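I'd like to ask you about the structure that follows.
Laboratory data are not the source of any read-out in this text; all were calculated from the coordinates shown. Every value quoted in this text rests on a predicted model; they were computed, and no experiment measured them. We place every Cβ from the backbone using ideal geometry, glycine too, and count neighbours over all the protein chains shown.
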Amino acid sequence: MSGYAFSSERYLTSQRIYLYDNIKFLAILLVVMGHFIDVIAAHSSDNWARGIFLTIYSVHMPLFIFISGLFFKPMDKSSKFPKQRVISFVLIGIAMRIAYLLLDLMLGNAVKYSVFDMYDTFAWFMWAMAVFNAIIWLFREYNTKVLLVLSLLIGCAAGYDSFLGDKFALMRITVFLPFFIAGYMINPEKLTQLLSNRILKLAAFFIVIGFIFVFFKSQTVYNIFRPMFTGRHDFTSLKDLYNLGFLVRLASYLISGVFGFSIMCLVVNVKIPFISAIGTKTIQIYFWHKLFLSVLISWNYFDVISAGFNEPVTSIIIILTAVAVTFICSVPIFSFPTKQLLAFGKSS
């Protein structure tokens, strides 16, 4: 994300670390690609769409949230509650939901809106960021390692709670919180040094290839982990594995953590023209890409592509479309209203 969520105060050198701009670009690109491929993956029996979905969903939100925590301004006992930052995230989420509602009205789609249900839009992430900010402040005097362990245990147990779900995005907030805390407790400069290790980079390459191979080849892995990687499903989605849900969630954390770290190891720490700049505009891309997705769905774009091409061509076209939308949403005209709302939060 752009703005205060990645405060320069956590950079310990005067020189900008472009590694994280590049990682942020990759993270938002994966988010957009994941939302686009999800349109066909849920109803596809082809291993290409399912493999791409599982590869992206295993890492895109954990990576996005981890980076958000990595550059969250450190807090101590004297830190005031970041009310303006929290409010700015809430306002961005509200603006997103209103924009989606108005677009549905314009397109003649069936209008759906719920004050509490966060499933109908992607605005849940903004609400989650507001909650993460508040949680870090609330527990600012506690040992972050203890908080991380507790958040992992709660995240693993949450799937047994039938109350949690899309209401206020409680399930996803609970499930993804450990990634934010993990990012918050790590020093960005030390992480940069670790990620530059050549042996780790070599190992990361083979780990990434191995995960992708399994995601594309194993139907069992897809069936088990698809609901877990979305972060919003309880353990009833595991059916016969319900009683083992705690371990399945723990395994999903391990996969996302190892896969995400390996991907970060492979990202270069150099300024890439245009790409690195887009990495500073992730909030505006997140805000607007759903509108483009809704328009394409309304125009039956995905149905036409699926009917006109076989796999893997269909998936490749949709992925390229997602890449195009990511670049389009990064242009200055789409900085409204997130730029203004983020500026409000910076003043806290």
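Using a Förster distance of 51 Å, how high is the FRET efficiency between W299 and R16, based on the Cβ-Cβ distance and rounded to 0.05?
Working: r = 40 Å, r/R0 = 0.79.
Step by step, r from the Cβ atoms, then E = 0.80.
Output the DSSP H helices from the chain with an along-axis C-alpha extent of no less than 27 Å and a mean Kyte-Doolittle hydropathy no less than 0.0.
TM-like helix candidates: 18-41, 83-107, 198-217, 245-266.
Give me the number: length gained by fully extending A251 to K201, i.e. 0.36 nm times residue separation minus the C-alpha to C-alpha distance, one decimal in nm.
Value of the extension gain: 15.7 nm.
What percent of all Cα-Cα pairs in region 100-258 falls in each 10 Å bin, counting up from 0?
In whole percents, the pair-distance histogram is 9, 29, 33, 23, 6, 0.
For the residue pair F163 and K339, what label-to-label distance in nm results when each label sits 7 Å from Cα along the Cα-to-beta-carbon direction?
Inter-label distance under the simple model: 4.4 nm.
Fewest to most neighbouring Cβ within 10 Å: what's the order for D240, D161?
So the residues, fewest neighbours to most, are D240, D161.
Moving to a separate point now. Between K167 and residues 5 or more places away or on another chain, which pairs have amide H atoms under 5 Å apart, with H built 1.01 Å from N, and which residues are they?
Distant-sequence amide H within range of K167: M118.
Residue separation times 0.36 nm, minus the C-alpha to C-alpha distance between V323 and N269: what's the value?
Taking V323 through N269 to full extension adds about 17.3 nm, to one decimal.
Here's something else I'd like to know. Set Lys and Arg Cβ to +1 and Asp and Glu Cβ to -1, take the dipole of the chain about its Cα centre, and tell me which of F259, A182, L103 lies farthest positive.
A182
Please give the length that would be gained between Y113 and I98 if that part of the chain were fully extended, namely 0.36 nm times their separation in residues minus their C-alpha to C-alpha distance (nm, one decimal). Kindly include the intermediate steps, with their values, before the conclusion.
Details: separation 15, 0.36 × 15 = 5.40 nm, distance 0.92 nm.
Value of the extension gain: 4.5 nm.
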